[in-house]
Each structure stands twice: as structure tokens, then as C-alpha cells.
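Just so it is clear, none of the values below were taken in a lab; they were calculated from the coordinates. A quick note: this is a predicted structure, and the numbers were derived from the prediction, not measured. Glycine also receives a Cβ, built like all others from the backbone with ideal geometry; neighbour counts cover every protein chain displayed.
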Amino acid sequence: MESTNPSSRIEAGRFNPSLSSHIGAYLTLVSGETIALGGLPPLGNAVFGFLTASLLLAGTMVLNDIQDIQIDMVNTPNRPLPSGKIGVREAYAMSLVLSSLAIIFSAFLGVFTLLTALVALALMAYYNTRGKKTGLLGNAVVSFNVALPFFFGGLAVDNLRPLLFIFFLLAFLANMAREIAKGIADIVGDSAKGVRTVAVVMGTSPAARMTASLFAVAVVLSFTAPLFDNVSLFYYPGVAVADVGFLYSSYRLLRDQTPKTVRAVKTQVLFWMLLGLVGFLMGGSPIL
């Protein structure tokens, strides 16, 4: 039965990604706009970009929670859906409203941003309904959408610099590694549900090695940006610290694949990604 208790409806906010996820998506998108322009974007582009990214993220995460009820009963039973605080029909309605608003706001930025938002929504709908059980393919879909704000930001201001594609690739690789590591921490629930993550199929040690390898590739590629586009010297400090952080997290993961350590590494990686984003922004924007 769906809950009509107001406090339970407020609890629905826990469906949505954390505040840090919304901020991360917004910063990535505005960074893409800023790098593309070499300066701060117009307020309208920044606002509509934020609304598109934030609402699309929230809508697809609600759908994700609907599909993850059985897994969350094992891994996180206190979340709104597995605990019964929110009904499935109510959650579907919430997902539809949030996603629809995101698509509407993307249209204010242009045809190509609208099409890109529709592609992102379709990919995440596929992931949440079918792709999640595919393991690496599902990880790739999630990572593509995490990196997409760089590309979307360039489209929003009608300027796709080569640097945006490089940063897109780096963000994709870093998040791909994080998704594989996440599978190590969630191996019990994923195995029970038949989700074929690398950790479930190959074991935790091979998954840790694959994670470390992807981080290593991202570290190497991070120093190739000047070969394809102009970057300022301010690019290197933030990126260098982030690279060292990725290597350190890889070392921790290779030594210990217990859920506690993996979850700590996942948190660390978010911080390294934020530092990398600062480096991207500083290096790609001459005004900064």
C-alpha cells in the first residue's frame, strides 16, 4: 500500500541523489560551459543547465531505486521503497515528473541539448530496467552519463572544444573504475539478484585490478590534454594531486577488498574527481 503520510512523502527526498551529487553534476556542466567559452557562461545557460542535469539525475535515480528494491532489501533495507515508506506507483509518478521537467528545461538551451538529454534519459532508463545486470556494459552507461555534462555544457553554449572531449574521456574512465569498485562492496546483494558485475563474475581481486588499471589509464591520459588543446599552467596542480590520489586509492583497493575499505575508497575517489574537475576548469579557462 502506498503511504499518504506527509512525513513519508518528505522521506521521498531520500530517493534523490545526495546534495553532493547534484552539486557535482552542476559543477561539471558549468565547467563544460566555462571551458567551452573561455569565460563564465550567461546566467540563463547556467540555470537551465543546472535544472536539466539536477532533475534528470533525480528522476533516473528514483527509477533506479524502483528497480533496486530487492537488492536494497539486502544492502540498504532502510531506504524508502524497501522499507515500505513510499509506494511503487508514487515513485513512478515522481520519476516521470522529474524527468519530464528536465527534458523541458533542456529544450530552452537548443535542439542539440534537447536531443542529448533525451539520449541520456534513454540510456539511464535502459540501465535501470535491463542494463544493470550486464555488468561492464551497465557500468559504461552510467559512466557515459556522468561524463556527459562536459559535452552537454559545450552544446549549451554552441562551442565544442577538443578539450571537452578529453575531459569527457577522463571523467568516463575515472567513474568506470569507481563503478567496478562499487560492485566489490555490493557483491552480496548483486549476487543474490543476478547482477553480473565484474566482482560477481570474476571475483573481487580481478575487479580491484581492473579498477586500478582504469585509474592508471586516466592518470596517463590526463597529461595529454596539452597535445590537443590549449591549457594554462593552472591545469597541472589540481590534476597532479588528483592523479596521486587515484593511484593511492588504487593501492588501497589492491591490498584490501573488504566492503569497509571499498566504500572508503569510493568516497575518496569522489574527492579526487572533484580536484580533477578544478584542474580542468582552471586549465581550460584563461580568465581564471
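So the values come out like this:
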{"read-out": "Fewest-first sequence of Glu179, Glu33 by Cβ atoms within 10 Å of each Cβ", "value": "Glu179, Glu33"}
{"read-out": "³J(HN,Hα) computed for each position of segment 42-58 - Karplus, 6.51 cos²θ - 1.76 cosθ + 1.60, integer Hz, glycine/proline x", "value": "x, 4, x, 5, 5, 5, 5, x, 4, 4, 4, 5, 5, 6, 5, 4, 5"}
{"read-out": "Cα gyration tensor shape of segment 202-288, rounded if a/c is under 1.5, else prolate or oblate by comparing a/b with b/c", "value": "prolate"}
{"read-out": "Rel. contact order, % - alpha carbon contacts under 8 angstrom, at least six apart, segment 162-288", "value": "32 percent"}
{"read-out": "Asp229 paired with Val111, simple spin-label distance in nm, labels 7 Å along Cα-to-beta-carbon", "value": "2.4 nm"}
{"read-out": "Top of Thr113, Thr267, Thr211 by mean-square fluctuation, Gaussian network on the chain, Cα under 10 Å", "value": "Thr267"}
{"read-out": "Full-extension gain in nm, Asn78 to Val188, via 0.36 nm per residue minus C-alpha separation", "value": "37.9 nm"}
{"read-out": "Mean Cβ neighbour count within 10 Å, used as a protection proxy, ranking 164-172, 120-128, 41-49 highest first", "value": "164-172, 120-128, 41-49"}
{"read-out": "Computed Rg/Rh of segment 110-213, alpha carbon atoms with Kirkwood Rh", "value": "1.06"}
{"read-out": "14 Å beta-carbon shell around Gly32, net charge (K/R +1, D/E -1)", "value": "-2"}
{"read-out": "Residue exposure sequence - Val111, Val244 - by fewest surrounding Cβ within 10 Å", "value": "Val111, Val244"}
{"read-out": "Table column - 3J(HN,Hα) (Hz), segment 31-40, Karplus curve with 6.51, -1.76, 1.60, x for Gly and Pro", "value": "4, x, 5, 5, 5, 4, 8, x, x, 5"}
{"read-out": "Using θ = phi - 60° and Karplus 6.51 cos²θ - 1.76 cosθ + 1.60, couplings along segment 92-102 (whole Hz; Gly, Pro as x)", "value": "4, 4, 4, 4, 5, 5, 4, 5, 5, 4, 4"}
{"read-out": "Extension gain, Leu136 back to Arg252 (0.36 nm per residue minus Cα-Cα distance, nm)", "value": "39.6 nm"}
{"read-out": "Ascending count of other beta-carbon atoms within 10 Å, so fewest first, for Phe150, Phe215, Phe223", "value": "Phe223, Phe215, Phe150"}
